[in-house]
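The values are calculated or read from the model by the stated rules, or taken from the named source; none is laboratory data. Predicted model only: the values in this text are computed from it and were never measured. Cβ atoms come from the backbone with ideal geometry, glycine included; neighbour counts cover every protein chain shown. Ligands, DNA and RNA are stripped out before the accessible areas are found, and what is left, the full protein with its side chains, is counted by its heavy atoms. Shrake-Rupley method; radii C 1.70, N 1.55, O 1.52, S 1.80 Å.
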Amino acid sequence: MTTYYINGLMIWLNYYVDGVRIRRTTKLKNTPENIKIVKTQIIPAIDSKIATGDIYKKKPKTFEYYGDIFLKLKDSNKSFLLKKGYFDKVIEVFKGRNIDAITRLDIKEYLISLNMKSKSKTVYKSCIKEIFELAVDDGVISFNPALNIKLKSDERKDIQFYTKEQVRKLLSVSNGIIKPYLLIAFNTGMRVGEILGLQVADFKDDGYIHIKRTRTKGVIGSGKTNNAIRKVPYPLFILDEVKKVQTNHIFIFGHIDDASLLRSQWRDVCIDADVPKYKLYSTRHTFATLMLKENIVSINELAGLLGHSSPKITLEHYASVIDSKNVDLGANFSLFGHDTVIEEKNKRF
């Protein structure tokens with residue numbers, strides 16, 4: 001219940017909203033006439049607004065308003081420039097609409113309309129969710145409609161990789177800057193951004209490349225996962241090839257800071273080698289697949305080499321490779337020995 005009190009020459013109000021004490025002036029001087037106005041008009045009006053909740057409701061703002069706040073908060077993030085294009089698309093779609101008028105169905109329909117894999121939609125969904133969360137923090141809405149929206153799982157396709165013979169052909173016809181790139185990629189399984197972020201000093205005398213950074217479209221990052229900062233072994237012939245690269249740039253591959261800048265060279269190499277043209281990322285799949293097929297490493301060891309956050313991720317990607325191995329246990333295989341099996345069978349009868 002609202003009460004009033006005198007502070008100096010002015011009449012003040014005292015009331016509670018959601019357990020929080022509010023004290024504010026009426027801007028009316030302490031006179032009998034004004035006290036009557038406070039008692040008969042102002043206090044009843046405030047009590048009514050408290051009862052209906054109108055006193056603390058904020059006027060809804062547009063999705064774009066909170067989108068701009070979202071962008072300002074994100075602009076210091078290392079991957080901001082890479083994702084800003086996606087963020088801008090989301091904000092443009094819901095531009096001009098009051099954020100409290102956008103429903104959960106609106107969000108689902110927008111995500112469904114995107115012509116891409118569900119995995120690629122994640123950045124859009126995350127952007128929408130964070131923008132709505134800002135409106136929740138501001139007290140404009142009480143519930144985030146973008147929470148727990150499930151996207152249809154993508155159909156997992158078989159990974160594309162090259163055989164040993166195809167890799168030899170690709171390396172034999174490669175020249176120029178694409179050659180050291182492919183040597184590193186096929187022999188280490190490093191990600192594109194990790195390779196393009198390499199400096200000569202990262203090749204250590206201990207026989208390992210110390211991966212410290214990524215470089216994508218001018219953005220220097222610290223890696224995709226917490227395990228991305230790692231070291232991988234390298235054969236000396238790779239370093240010999242790297243040292244042949246003539247550039248005054250701090251990075252081995254100079255101005256080339258994105259896979260798209262190697263696209264034409266990669267296409268020509270595939271044509272000259274007469275092998276299928278897979279994505280450049282297939283070099284990583286090739287390394288991982290052959291390492292497993294040749295029984296050179298275990299899943300746990302491969303996860304460490306690839307910089308995956310856990311062996312589970314590695315297994316999800318390369319389970320088909322493991323399944324394809326021919327395991328011959330023999331017709332008379334028995335894990336615990338034939339005698340144990342026979343004895344247990346005789347006991348039953």
Margin query: Please go through the stretch 175-187 and give me each residue that is more than 12 Å from residue 281 (Cα to Cα) and open to solvent by 10 Å² or more (accessible area, probe 1.4 Å), ordered by number.
Written below: 175, 176, 177, 179, 183, 187
Check: What do you reckon, is residue 171 open to solvent by 30 Å² or more (accessible area, probe 1.4 Å), aliphatic (A, V, I, L, M) and modelled with pLDDT of 95 or more?
Finding: yes
Check: Quick one: in the stretch 188-218, which of the residues that are open to solvent by 20 Å² or more (accessible area, probe 1.4 Å), in a strand (DSSP E or B) and touching a helix residue (DSSP H, G or I) at 6+ places or on another chain (Cβ under 6 Å) is farthest from residue 241 (Cα to Cα)?
Finding: 216
Notebook entry, point to check: Hey, among 209, 177, which residue is out of contact with any strand residue (DSSP E or B) (no Cβ under 8 Å at 6 or more places or on another chain) and of a type in the set (A, V, I, L, M, F, W, C)?
Noted result: 177
Note to self: Based on this model, can you work out whether residue 29 counts as surrounded by 10 or more Cβ atoms within 10 Å (Cβ to Cβ), out of contact with any helix residue (DSSP H, G or I) (no Cβ under 9 Å at 6 or more places or on another chain) and at pLDDT 85 or above?
What the structure shows: yes
Note to self: If a residue must be without any contact (Cβ under 8 Å) to a residue 24 or more places away in the chain and hydrophobic (A, V, I, L, M, F, W, C), how many such residues does the stretch 251-289 contain?
What the structure shows: 2
Notebook entry, point to check: Going by the structure shown, is residue 238 surrounded by fewer than 18 Cβ atoms within 10 Å (Cβ to Cβ), under 18 Å from the mean Cα position of the chain (by Cα), hydrophobic (A, V, I, L, M, F, W, C) and over 17 Å from residue 261 (Cα atoms)?
Noted result: no
Note to self: Considering only residues that are touching a residue at least 24 places away in the same chain (Cβ under 8 Å) and farther than 24 Å from residue 292 by Cα, which ones fall in the stretch 181-205?
What the structure shows: 196, 197, 198, 199, 200, 203, 204
Check: For the stretch 219-229, which residues satisfy the criterion of being at pLDDT below 85, part of a strand (DSSP E or B) and of a type outside the set (Gly, Ala, Ser)?
Finding: 219
Item checked: Residues that are closer than 25 Å to residue 92 by Cβ, charged (D, E, K, R) and at pLDDT 90 or above, drawn from the stretch 122-168 -> 125, 129, 130, 133
